[in-house]
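Take a look at the structure set out below.
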């Protein structure tokens, strides 16, 4: 390092770090002589054994010399196979204490030796030393700063000049040398990292932390000085805080450091290797705020709240950290913890996470009865369950399992299944429990609000912040489309001939099932599967990553797997739910749970040849596979389900810089709506009905539904059914029932919805409704019963003309992406209107009865075109709109037999020619168009030019210069330039 960089490192990084520790947090600085004395002159000893002995005696006044030696040896003479095993042993000793013999009144009684006073940080000794040399087997190391608590080195800090090209990378390399690993094997002092819990790299404006043997990609920034705010930190520093100020304040504030050591460190075995994890800042802050509310809430019913952390940011670990801290919370008095999910696979995953993390004795409830037994048994139990088990665990509202107030319920994916009867039973069974919600996509609309059910936000960590922090990778989005064409106008005749028993209304319902039939047609699946395979082999597989395909139905999923295997794709597997009523085709792909789990485990291993998973209704949520980089989406997923599916590709992995969603289903509106949920703003909750209003509505609608049967014996079913014989009476009953059921749904999950007579009356009315509908032959028409044959008819008339890219890769967090999608709505609405008028003009004389109903051929054609309309990029939509407007203007000429003279130009020049003033001679127009096209094509050679404003600015300048040279006025130039840029974006997209 040059003298200049050494000065910058000292003055800009090391000195401010030392000052912050000393001034803000009252750490005592130690000189080199102090350190030598406190480690008894042993230069190879990282622990300040003299200070540690003093603190142990102060914290454990009963401790005798023999016990003191045992405690010292527990952290200075660790027998272990490697540094990770030694660090885990030391951490266990530091956080739980060690047992030492103690004799009192002549009786031997072992006691636990405390290394720290976790409850009172001020009772501990916080110190730091700079440039301490520690002797290693072959080399000495000299960390810039070592932080000691009670003589134990808990944090090691390496400072680097901010003028270096990669200061944090240099610091991490230095830590590898200190630890003696990778290219520095045998050269470090691993003993320092037997007790050290935090490794910190500082470079003034940027700072990162890791822990023992942390891989480079898992080093992270700490961006919240909690419990201080950024303003408070700035005030105490008397200057704007730098990145290293925030990290040091967040990690090394005395209370925070002790809290992290005790509650936010875990060890896991992953792929046979022991790994140490230290919480990220969003996890630490979320748990801290949850504990603070639990302690301070004036209303016990409002102790809970919502932790809104985006998918992939570590919600499961946050639950483990919170559970760990609740276990030790004095106010909780040995609490009962209930971890609730809504799916068996999630229950298994979170149970496995708790067990891997070493959480003591988690119990996975196998049934409702087992759940009830576990929760009504001994206190201090940790139970993991699905919400569905509360149905049998709480058969009625009065079936309280536990009325204790120290029951804490943590609900994962709380945007689902927490607004109905199951959730109401959970609350009825645990009436005084504290409810804590974890979700990546909370609901705040209409009469479904995560915050209304659980309480206000405890902490929010949104997707854009996760990407900035490197907790997740950015997600890019592409739209592709299989070009479909319906051939022949006799398709409706074929349909009527196949199903002569169907009424016109039923035929209309059958038509509405067409989108899925189109999606699953053999021709389309073959074309899309071929495109997926080509894209995967060229874009994803070379980097060593894997893919998931999401389909609209299980039948289509089977078609994809069969097509991919015929094409010689890399090994792929189908993961789907199973039913006894499945067809033979589906049953051929049924898997046992063991086989399914084995395939999933294989898919998660990067070196396993299983490369592609095809799914329909499984692995869309809670599926954590960092090796998955691309999601091929061919299903009409919406809102939270769509977001959950998209987030499958945002997990970090070595060499993975982004996740990709390739959408073959399209519909820009559903994508735009889903993106709104990523950062949904507050404010909707205030418009929700208060519970008292909902209960009042339930009472009135219940009375209305029951009033019809006043004076009739409700046990006499025949009399009740006879009352419903008139069609108008049955219709009124139908309406009253639906309104009553809706009101019940609005009250839930409040246990009020489980009160009598609402529950029993709803069941009775529902049973009566089914019976009366059957007697009146109101059997609902189900298009699925006709699905296979409809699919055959459609396939006979369908051709696929390849797959095209409609929207090139966009980052979903790009500020321009959402407006890009939104711009389609108005442009396409107008385009569709004009297109409809044109089609009417062309086909009016061939339509037999256009006002009665549209033919199936027209509806299918409209579906195909609409699918493509909804998926074009904004510029393409505008270009298409102008094309349609021009075409509409030519309809009168076409009637009169007029034609437009042809131009010699084609390609880009031909497309922009109409926007060059027609007042010019033809040869001048063509020359100008050719010149402009050549310039645009040159600039379009830049990679991703559509996303580069500087390139587009040069393109606009080139257009304007050439139009100005041929004498056009300013207004004409501006309009023509905008139009030509639209054409360029459409025709020159790569």
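Ranked by the mean number of other Cβ atoms within 10 Å of their residues, highest first, the peptides 961-968, 315-322, 385-392, 364-371 fall in the order 315-322, 385-392, 364-371, 961-968. Per-residue extension of 0.36 nm, minus the Cα-Cα distance of residue 617 and residue 578, leaves a gain of 13.0 nm for this segment.
At a 10 angstrom cut-off on C-beta neighbours, averaged per residue, how do the peptides 53-66, 298-311 rank from highest to lowest? Could the numbers behind the result be given before it?
Details: 53-66: 15.6, 298-311: 19.8.
Highest mean packing first, the order is 298-311, 53-66.
Once the C-beta distance of residue 109 and residue 206 is scaled by a Förster radius of 56 Å, the resulting FRET efficiency is 0.60 to the nearest 0.05. Let me know the shape class of the range 104-188, please: from the alpha-carbon gyration tensor, a ≥ b ≥ c as square roots of the eigenvalues, rounded when a/c is under 1.5, otherwise prolate if a/b is greater than b/c, or oblate. It is prolate, given that a/c is not under 1.5 and a/b is the larger ratio.
Working out 0.36 nm times the residue gap between residue 592 and residue 652, then minus their Cα-Cα distance, what length gain in nm do you get to one decimal?
Working: separation 60, 0.36 × 60 = 21.60 nm, distance 3.01 nm.
Between residue 592 and residue 652, full extension yields 18.6 nm more.
When only alpha carbons are used to place a centre, the range 543-622 and the range 324-383 end up 31 Å from one another. Once both labels are modelled 7 Å past Cα along the beta-carbon direction, what's the residue 571-residue 44 spacing in nm? Going from the residue 571 label point to the residue 44 one covers 4.8 nm. Seen through its C-alpha gyration tensor, with square-root eigenvalues sorted a ≥ b ≥ c, the range 279-469 comes out rounded because a/c lies under 1.5.
Is the range 907-987 best put as rounded, prolate or oblate by its Cα gyration tensor, with a ≥ b ≥ c the root eigenvalues, rounded for a/c under 1.5, and otherwise prolate when a/b is larger than b/c, oblate when not? Each step should come with its number before you reach the end.
On the way: a/c = 2.07, a/b = 1.59, b/c = 1.30.
Prolate shape, in that a/c is at least 1.5 and a/b is the bigger ratio.
Determine the distance separating the Cα centre of the range 142-181 from the Cα centre of the range 40-76; give it in Å without decimals. Going from one Cα centre to the other spans 25 Å. Ordering of 178-191, 460-473 by packing is 460-473, 178-191, highest average first (other Cβ atoms within 10 Å, averaged per residue). Annotation for residue 140 and residue 77: the two label points, set 7 Å from Cα along the Cα-Cβ direction, are 2.6 nm apart. Using R0 = 35 Å, the C-beta based FRET efficiency linking residue 119 and residue 376 works out to 0.65.
Given R₀ = 35 Å, what would the calculated FRET efficiency be for residue 85 paired with residue 400, taking r from the Cβ atoms and rounding to 0.05? Computed FRET efficiency for residue 85 and residue 400 comes out at 0.15.
Since every read-out is calculated from the coordinates, none of them should be taken as a lab result. The structure presented is a predicted model; accordingly, all values stated were derived computationally and were not measured. Positions of Cβ are generated from backbone atoms using ideal geometry, with glycine treated the same way; all protein chains shown enter the neighbour counts.
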